[in-house]
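The values are calculated or read from the model by the stated rules, or taken from the named source; none is laboratory data. If you're wondering where the values come from, they're calculated on a predicted model, not measured in any experiment. Positions of Cβ are backbone-derived with ideal geometry, glycine not excepted, and every protein chain shown enters the neighbour counts. Just the protein is used for accessible areas: all its heavy atoms, side chains included, with ligands, DNA and RNA removed. Shrake-Rupley method; radii C 1.70, N 1.55, O 1.52, S 1.80 Å.
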Amino acid sequence: MIKISPEQLGDLPAWFLGDPPGMAALVDHAMAPEAGTWWADRAVDPRTLAVACAGHLLLRGNPTTLPPLALAPFAAHHVQAPARFLPLLSSAFDLLVPWERMTYMHRVSVPSPRPPHGVTVRRLALGDAAALAALGPESSWIHASWGGPAGLAASGHGWAAFAKDRVLAVACTYFRGTTYEDVACMTVPEHRRQRLALSCVTALCQDIAARGHTPSWSCSRDNRPSRLVAWTAGFRLEHEYVHYLTGQPAGHAAGLTV
(Lines give C-alpha, C1' and ligand atoms only; values in the text may rest on other atoms or scores of the structure.)
Protein backbone atom coordinates (compact mmCIF):
# COMPACT_ATOMS: atom_id res chain seq x y z
CA MET A 1 0.00 0.00 0.00
CA ILE A 2 1.08 3.58 -0.51
CA LYS A 3 0.62 6.61 1.71
CA ILE A 4 -1.72 9.32 0.48
CA SER A 5 -2.29 12.77 1.91
CA PRO A 6 -5.66 14.00 3.23
CA GLU A 7 -5.71 16.43 0.30
CA GLN A 8 -5.77 13.46 -2.11
CA LEU A 9 -8.74 11.78 -0.46
CA GLY A 10 -11.60 13.62 -2.09
CA ASP A 11 -14.79 11.76 -1.19
CA LEU A 12 -12.97 8.58 -0.07
CA PRO A 13 -13.70 9.14 3.67
CA ALA A 14 -17.33 8.39 2.76
CA TRP A 15 -16.25 4.72 2.73
CA PHE A 16 -16.37 4.95 6.53
CA LEU A 17 -19.85 6.46 6.81
CA GLY A 18 -22.02 4.54 9.22
CA ASP A 19 -19.12 3.49 11.44
CA PRO A 20 -19.77 3.49 15.22
CA PRO A 21 -18.93 6.74 17.07
CA GLY A 22 -15.40 5.85 18.18
CA MET A 23 -14.30 4.73 14.72
CA ALA A 24 -16.04 7.65 13.04
CA ALA A 25 -14.12 10.01 15.33
CA LEU A 26 -10.83 8.29 14.40
CA VAL A 27 -11.50 8.92 10.70
CA ASP A 28 -12.20 12.61 11.31
CA HIS A 29 -9.23 12.96 13.67
CA ALA A 30 -6.86 11.47 11.09
CA MET A 31 -7.81 14.20 8.62
CA ALA A 32 -5.90 16.77 10.70
CA PRO A 33 -2.27 17.43 9.70
CA GLU A 34 0.18 14.97 11.31
CA ALA A 35 -2.61 13.24 13.27
CA GLY A 36 -2.94 10.03 11.28
CA THR A 37 -1.84 8.25 8.12
CA TRP A 38 -3.93 7.31 5.11
CA TRP A 39 -3.04 4.42 2.81
CA ALA A 40 -4.44 3.07 -0.46
CA ASP A 41 -3.61 0.26 -2.86
CA ARG A 42 -3.08 2.87 -5.58
CA ALA A 43 -3.18 6.65 -5.85
CA VAL A 44 -5.92 6.89 -8.50
CA ASP A 45 -9.26 5.13 -8.06
CA PRO A 46 -8.14 3.06 -5.07
CA ARG A 47 -9.89 -0.21 -4.35
CA THR A 48 -8.70 -0.59 -0.76
CA LEU A 49 -8.30 2.15 1.84
CA ALA A 50 -6.74 2.23 5.31
CA VAL A 51 -6.47 4.89 7.99
CA ALA A 52 -4.13 4.54 10.96
CA CYS A 53 -3.73 6.59 14.12
CA ALA A 54 -2.12 5.81 17.48
CA GLY A 55 -1.81 2.09 16.75
CA HIS A 56 -5.40 1.75 15.53
CA LEU A 57 -6.22 0.84 11.94
CA LEU A 58 -9.43 0.80 9.92
CA LEU A 59 -9.57 -1.12 6.63
CA ARG A 60 -12.23 -0.77 3.96
CA GLY A 61 -12.66 -1.80 0.33
CA ASN A 62 -11.67 -4.94 -1.53
CA PRO A 63 -9.09 -7.15 0.23
CA THR A 64 -8.40 -9.18 -2.91
CA THR A 65 -6.46 -6.23 -4.34
CA LEU A 66 -3.68 -6.66 -1.74
CA PRO A 67 -0.97 -9.27 -1.21
CA PRO A 68 -0.36 -10.15 2.47
CA LEU A 69 2.99 -8.32 2.50
CA ALA A 70 1.17 -5.05 1.74
CA LEU A 71 -0.06 -5.05 5.34
CA ALA A 72 3.44 -5.34 6.85
CA PRO A 73 3.43 -1.69 8.06
CA PHE A 74 0.49 -2.53 10.31
CA ALA A 75 2.21 -4.99 12.64
CA ALA A 76 1.21 -4.57 16.30
CA HIS A 77 -1.91 -2.59 15.38
CA HIS A 78 -5.49 -2.91 16.56
CA VAL A 79 -7.40 -3.49 13.32
CA GLN A 80 -11.10 -3.06 12.71
CA ALA A 81 -12.25 -4.35 9.32
CA PRO A 82 -15.18 -6.15 7.70
CA ALA A 83 -15.10 -9.94 7.95
CA ARG A 84 -14.01 -10.25 4.32
CA PHE A 85 -10.55 -8.98 5.38
CA LEU A 86 -9.94 -11.77 7.89
CA PRO A 87 -8.33 -14.25 5.45
CA LEU A 88 -5.93 -11.54 4.30
CA LEU A 89 -5.09 -10.50 7.86
CA SER A 90 -4.53 -14.12 8.89
CA SER A 91 -2.11 -14.58 6.00
CA ALA A 92 -0.33 -11.29 6.61
CA PHE A 93 0.61 -11.78 10.29
CA ASP A 94 1.97 -14.55 12.46
CA LEU A 95 -0.62 -13.69 15.11
CA LEU A 96 -4.15 -12.31 14.96
CA VAL A 97 -5.91 -11.93 18.32
CA PRO A 98 -9.61 -10.98 18.44
CA TRP A 99 -10.65 -8.46 21.10
CA GLU A 100 -14.27 -7.83 21.95
CA ARG A 101 -14.88 -4.12 22.24
CA MET A 102 -17.67 -1.92 23.61
CA THR A 103 -18.63 1.61 22.60
CA TYR A 104 -20.54 3.84 25.01
CA MET A 105 -22.29 7.17 24.47
CA HIS A 106 -22.60 9.91 27.09
CA ARG A 107 -26.26 9.93 28.11
CA VAL A 108 -26.42 11.12 31.74
CA SER A 109 -24.95 14.31 33.20
CA VAL A 110 -23.25 13.67 36.54
CA PRO A 111 -21.68 16.11 39.01
CA SER A 112 -17.91 16.22 39.20
CA PRO A 113 -16.58 14.75 42.46
CA ARG A 114 -14.59 17.01 44.76
CA PRO A 115 -10.87 16.26 44.40
CA PRO A 116 -8.81 15.42 47.51
CA HIS A 117 -7.05 18.14 49.44
CA GLY A 118 -4.01 19.42 47.55
CA VAL A 119 -5.22 18.21 44.15
CA THR A 120 -6.33 20.60 41.40
CA VAL A 121 -8.31 19.51 38.34
CA ARG A 122 -7.86 21.82 35.36
CA ARG A 123 -7.53 21.98 31.61
CA LEU A 124 -4.12 21.07 30.22
CA ALA A 125 -2.11 23.98 28.86
CA LEU A 126 0.92 24.32 26.61
CA GLY A 127 3.31 24.41 29.56
CA ASP A 128 2.13 21.00 30.83
CA ALA A 129 4.01 18.98 28.19
CA ALA A 130 6.88 18.15 30.56
CA ALA A 131 4.48 16.96 33.26
CA LEU A 132 2.75 14.66 30.76
CA ALA A 133 6.09 13.32 29.54
CA ALA A 134 7.06 12.61 33.16
CA LEU A 135 4.28 10.01 33.33
CA GLY A 136 6.74 7.70 31.58
CA PRO A 137 6.65 5.37 28.59
CA GLU A 138 4.00 3.08 30.07
CA SER A 139 1.54 5.99 29.88
CA SER A 140 2.62 7.31 26.49
CA TRP A 141 -0.50 5.83 24.86
CA ILE A 142 -2.63 8.60 26.41
CA HIS A 143 -1.05 11.28 24.19
CA ALA A 144 -0.20 9.09 21.17
CA SER A 145 -3.18 10.27 19.13
CA TRP A 146 -1.94 13.87 19.46
CA GLY A 147 1.62 13.07 18.45
CA GLY A 148 3.08 13.19 21.96
CA PRO A 149 2.92 15.21 25.21
CA ALA A 150 3.34 18.60 23.54
CA GLY A 151 0.54 17.88 21.09
CA LEU A 152 -1.93 16.92 23.79
CA ALA A 153 -0.90 19.79 26.06
CA ALA A 154 -1.46 22.30 23.25
CA SER A 155 -4.66 20.73 21.92
CA GLY A 156 -7.09 22.23 24.42
CA HIS A 157 -8.75 18.80 24.58
CA GLY A 158 -7.33 17.43 27.82
CA TRP A 159 -7.95 17.78 31.56
CA ALA A 160 -5.69 16.58 34.34
CA ALA A 161 -5.54 16.26 38.13
CA PHE A 162 -2.39 17.88 39.50
CA ALA A 163 -0.63 17.69 42.85
CA LYS A 164 1.62 20.72 42.57
CA ASP A 165 3.32 20.14 39.20
CA ARG A 166 2.76 16.39 39.01
CA VAL A 167 0.02 14.85 36.88
CA LEU A 168 -1.96 12.22 38.78
CA ALA A 169 -4.72 11.56 36.25
CA VAL A 170 -5.57 12.60 32.69
CA ALA A 171 -8.69 12.54 30.54
CA CYS A 172 -8.59 13.66 26.94
CA THR A 173 -10.37 13.56 23.65
CA TYR A 174 -8.46 10.70 22.05
CA PHE A 175 -10.06 11.01 18.63
CA ARG A 176 -11.79 14.29 17.77
CA GLY A 177 -14.60 13.93 15.26
CA THR A 178 -17.04 16.37 13.74
CA THR A 179 -19.90 14.78 15.68
CA TYR A 180 -18.31 12.57 18.34
CA GLU A 181 -15.23 12.88 20.51
CA ASP A 182 -13.91 9.57 21.80
CA VAL A 183 -12.64 9.91 25.38
CA ALA A 184 -9.69 8.20 27.08
CA CYS A 185 -8.37 8.47 30.62
CA MET A 186 -5.67 7.10 32.90
CA THR A 187 -4.55 7.44 36.53
CA VAL A 188 -1.09 6.77 37.94
CA PRO A 189 -1.27 3.47 39.87
CA GLU A 190 -0.65 4.82 43.38
CA HIS A 191 -3.50 7.35 43.08
CA ARG A 192 -6.25 5.10 41.78
CA ARG A 193 -9.58 4.73 43.63
CA GLN A 194 -9.65 8.46 44.47
CA ARG A 195 -12.09 9.33 41.64
CA LEU A 196 -9.45 11.54 40.00
CA ALA A 197 -10.08 10.18 36.52
CA LEU A 198 -13.82 10.68 37.06
CA SER A 199 -13.22 14.34 37.93
CA CYS A 200 -11.21 14.82 34.75
CA VAL A 201 -13.72 12.94 32.58
CA THR A 202 -16.73 14.92 33.82
CA ALA A 203 -14.93 18.22 33.16
CA LEU A 204 -13.92 17.03 29.69
CA CYS A 205 -17.47 15.92 28.86
CA GLN A 206 -18.76 19.39 29.73
CA ASP A 207 -16.17 20.81 27.33
CA ILE A 208 -17.18 18.42 24.56
CA ALA A 209 -20.87 19.24 24.98
CA ALA A 210 -20.04 22.96 24.86
CA ARG A 211 -18.42 22.35 21.45
CA GLY A 212 -21.67 20.84 20.23
CA HIS A 213 -20.23 17.33 20.11
CA THR A 214 -21.17 14.08 21.86
CA PRO A 215 -18.67 12.20 24.05
CA SER A 216 -18.13 8.53 23.27
CA TRP A 217 -16.05 5.89 25.02
CA SER A 218 -14.43 2.76 23.58
CA CYS A 219 -12.82 -0.02 25.60
CA SER A 220 -12.25 -3.76 25.78
CA ARG A 221 -15.06 -5.89 27.18
CA ASP A 222 -12.48 -7.28 29.63
CA ASN A 223 -11.45 -3.84 30.90
CA ARG A 224 -13.80 -3.67 33.87
CA PRO A 225 -12.16 -0.56 35.47
CA SER A 226 -12.64 1.40 32.24
CA ARG A 227 -16.24 0.25 31.91
CA LEU A 228 -16.92 1.25 35.52
CA VAL A 229 -15.51 4.76 35.04
CA ALA A 230 -17.56 5.13 31.86
CA TRP A 231 -20.80 4.09 33.56
CA THR A 232 -20.17 6.29 36.61
CA ALA A 233 -19.45 9.26 34.34
CA GLY A 234 -22.81 8.86 32.58
CA PHE A 235 -21.89 6.75 29.53
CA ARG A 236 -24.24 4.01 28.39
CA LEU A 237 -23.60 1.07 26.04
CA GLU A 238 -24.25 1.79 22.38
CA HIS A 239 -22.43 -0.80 20.29
CA GLU A 240 -20.29 -3.94 20.49
CA TYR A 241 -17.75 -5.07 17.92
CA VAL A 242 -14.50 -7.01 17.49
CA HIS A 243 -11.10 -5.71 16.49
CA TYR A 244 -7.91 -7.68 16.01
CA LEU A 245 -4.42 -7.25 17.42
CA THR A 246 -1.85 -8.10 14.77
CA GLY A 247 1.49 -9.75 15.42
CA GLN A 248 4.58 -9.54 13.23
CA PRO A 249 4.45 -9.84 9.43
CA ALA A 250 4.25 -13.55 8.57
CA GLY A 251 7.30 -13.26 6.32
CA HIS A 252 9.51 -12.59 9.34
CA ALA A 253 9.14 -16.19 10.45
CA ALA A 254 10.77 -17.32 7.21
CA GLY A 255 13.44 -14.65 7.32
CA LEU A 256 11.89 -12.72 4.46
CA THR A 257 12.32 -8.99 3.92
CA VAL A 258 9.09 -7.02 3.88
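Cβ separations smaller than 7 Å between residues 6+ apart or across chains give the following pairs from the stretch 178-203 residues that are touching a residue at least 40 places away in the same chain (Cβ under 8 Å) to residues that are among the charged types (D, E, K, R) and surrounded by fewer than 23 Cβ atoms within 10 Å (Cβ to Cβ): T178/D28. Pairs meeting the criteria (first residue in the stretch 204-218 and touching a residue at least 40 places away in the same chain (Cβ under 8 Å) and among the hydrophobic types (A, V, I, L, M, F, W, C), second residue assigned to a helix (DSSP H, G or I) and crowded, with 24+ Cβ neighbours inside 10 Å, beta carbons under 8 Å, at least 6 apart or on different chains) are W217/G22; W217/A230. Within the stretch 158-195, the set of residues being within 19 Å of the chain's Cα centre (by Cα) and among the small types (G, A, S) comprises G158, A160, A169, A171, G177, A184.
In the set (1) farther than 28 Å from W159 by Cβ; (2) surrounded by 13 or more Cβ atoms within 10 Å (Cβ to Cβ); (3) in contact with a helix residue (DSSP H, G or I) (Cβ under 7 Å, 6 or more places away or on another chain), P73 fails one condition alone, (3). The set of residues from the stretch 33-56 being free of Cβ contacts under 8 Å to residues at least 60 places away in the same chain and among the aliphatic types (A, V, I, L, M) comprises A40, A43, V44, L49, A50, V51, A52. Of the residues making up the stretch 143-185, just one is touching a Gly at 6+ places or on another chain (Cβ under 7 Å) and β-branched (V, I, T), namely V170. Only residues that are assigned to a strand (DSSP E or B) and of a type in the set (D, E, K, R) were counted in the stretch 88-104, giving 2. Give the residues of the stretch 44-57 that are surrounded by fewer than 16 Cβ atoms within 10 Å (Cβ to Cβ) and either under 17 Å from P67 (Cα atoms) or modelled with pLDDT of 95 or more (or both), sorted by residue number. Within the stretch 44-57, R47, G55 qualify.
Listed by position, the strands (runs of 3 or more DSSP E) contained in the stretch 19-75 that have at least 1 residues being within 14 Å of the chain's Cα centre (by Cα) and hydrophobic (A, V, I, L, M, F, W, C) are 48-53, 56-61. For first residues located in the stretch 133-145 and farther than 23 Å from G22 by Cα, partners that are open to solvent by 10 Å² or more (accessible area, probe 1.4 Å) and in a helix (DSSP H, G or I) and lie 6+ apart or on another chain with Cβ distances below 8 Å form the pairs A133/P149. Condition first: open to solvent by less than 10 Å² (accessible area, probe 1.4 Å) and closer than 16 Å to V167 by Cβ. Now tell me which residues in the stretch 198-229 satisfy that. Of everything in the stretch 198-229, those that are open to solvent by less than 10 Å² (accessible area, probe 1.4 Å) and closer than 16 Å to V167 by Cβ turn out to be S199, C200, V201, L204.
Kindly establish whether A129 is over 25 Å from M105 (Cα atoms), part of a helix (DSSP H, G or I) and either out of contact with any strand residue (DSSP E or B) (no Cβ under 6 Å at 6 or more places or on another chain) or aromatic (F, W, Y) (or both).
Considered against the rule, which asks whether it is over 25 Å from M105 (Cα atoms), part of a helix (DSSP H, G or I) and either out of contact with any strand residue (DSSP E or B) (no Cβ under 6 Å at 6 or more places or on another chain) or aromatic (F, W, Y) (or both), A129 comes out as yes.
Considered as a group, the residues in the stretch 9-22 that are out of contact with any strand residue (DSSP E or B) (no Cβ under 8 Å at 6 or more places or on another chain), open to solvent by 70 Å² or more (accessible area, probe 1.4 Å) and not acidic (D, E) include one that is modelled with the highest pLDDT, and that residue is L17.
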